[in-house]
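Beneath this line is the structure, given in structure tokens, with notes to follow.
Since every read-out is calculated from the coordinates, none of them should be taken as a lab result. Since the model is a prediction, treat every value here as computed from it, not as a measurement. For neighbour counting, all protein chains shown are included, and Cβ atoms are generated from backbone atoms with ideal geometry for every residue, glycine included.
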Amino acid sequence: MRLLWSSRSPFARKALVVIHELGLAERVTLDRVLVAANTTNAEVMQVNPLSQIPTLILDDGSALFDSPVIVEYLDSQFGSGALVPAEPSRRWPVLRLQALGDGLMALNLQRMGERNRGELASQPHADAFLAKTRRTLDALEAQVADLEPFSAGSIAVAVALAHLDFRFADDAWRQGRPALTAWHATMAIRPSMTASEPVEIY
Ligand SMILES: N[C@@H](CCC(=O)N[C@@H](CS)C(=O)NCC(=O)O)C(=O)O
């Protein structure tokens, strides 16, 4: 399998963490690609018309995206189904948590986009993105018990928090959120997380 990926993409990191957790690192080739919201990548678009990463190319040449689809595919094919449980009482909380983590990552990317617009940046957008980020962090602090057991949801949240450190260290998201801070510290030392640290190469 091939993963179209970048070391600075949080969504791609989510897929990569799952690849490591499932012991698949030897079976997946990482293909570094450059994507951005304000351009297109012809190579990526051949298999994913959205020009987004992560995109997983299977051995038969077909492609899977986006990250929740890749995570569930890998877990169902190569894992025990524990990351995305089938049983409804576990499944919906996990998917909801994954949506929260993914949403936080998306907010980070939107904030970066706004920051990069320089003088054209919209203050209302920047303010709203930040307010949504803070509210999401407070919600996670209040429901930190729901981050266990380990799942696609907890992976998404851990990666999103690490991406905040990577791109918005000045936010100091740990301040006033001791439970989330302690939980993230235990996640950050997992081998799958240390093997996939973000790096500022595309
Ligand atoms: N919902 C998608 C979001 C993926 C996404 O936004 N990836 C970013 C990189 S972190 C990307 O491909 N951006 C380029 C673009 O949107 O054109 C997922 O979960 O995989």
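Give, in nm to one decimal, the length gained when the segment between Gln175 and Ala42 is fully stretched (0.36 nm per residue of separation minus the Cα-Cα distance). The partial results should precede the final answer.
On the way: separation 133, 0.36 × 133 = 47.88 nm, distance 4.21 nm.
My answer for the length gained is 43.7 nm.
Can you compute the helix-only [θ] at 222 nm over the chain? Use -39500 (n - 2.57) per DSSP H run of at least 4 residues, normalise by all residues, nearest 500 deg cm²/dmol. Can you show the working numbers first?
Values: 8 runs with 110 residues, N = 202.
Calculated from helices alone, the mean residue ellipticity at 222 nm is -17500 deg cm²/dmol.
Which parts of region 4-29 would a label at Phe150 reach, counting a residue when its backbone N lies under 14 Å from a point 7 Å out along Cα-to-Cβ?
Label zone hits: 17-24.
Can you tell me what the convex hull of the Cα atoms of region 88-190 projects to on average, as an area in nm²?
Numbers: hull surface 26.4 nm².
Its Cα hull, projected and averaged over all orientations, spans 6.6 nm².
Label point 7 Å out from Phe166 along Cα-to-Cβ: which residues of region 91-112 have amide N under 15 Å?
Residues 102-112 fall inside that zone.
Once the other residues with Cβ under 13 Å from the Cβ of Ala121 are scored (Lys, Arg +1; Asp, Glu -1), what is the net sum?
In short, 0.
Take the Cβ-Cβ distance between Ser89 and His125 as r, set R0 to 30 Å, and report the resulting FRET efficiency rounded to the nearest 0.05. Numbers along the way, then the final one.
Values: r = 38 Å, r/R0 = 1.26.
Plugging the Cβ-Cβ distance into 1/(1 + (r/R0)^6) gives 0.20.
At 18 Å minimum axial length over the Cα atoms and a Kyte-Doolittle cut of 1.0, report the qualifying DSSP H helices in the chain, or say none.
152-167
Can you tell me the FRET efficiency between Arg134 and Arg27 if r is taken as the Cβ-Cβ distance and R0 is 41 Å, rounded to the nearest 0.05? If you can, show how the numbers build up before the last one.
Working: r = 40 Å, r/R0 = 0.97.
The value I calculate is 0.55.
Assuming 0.36 nm per residue, please report the length gained on full extension of the stretch Leu50 to Ser62 beyond their Cα-Cα distance. Show your work: numbers first, answer last.
Numbers: separation 12, 0.36 × 12 = 4.32 nm, distance 1.51 nm.
Answer, rounded to one decimal: 2.8 nm.
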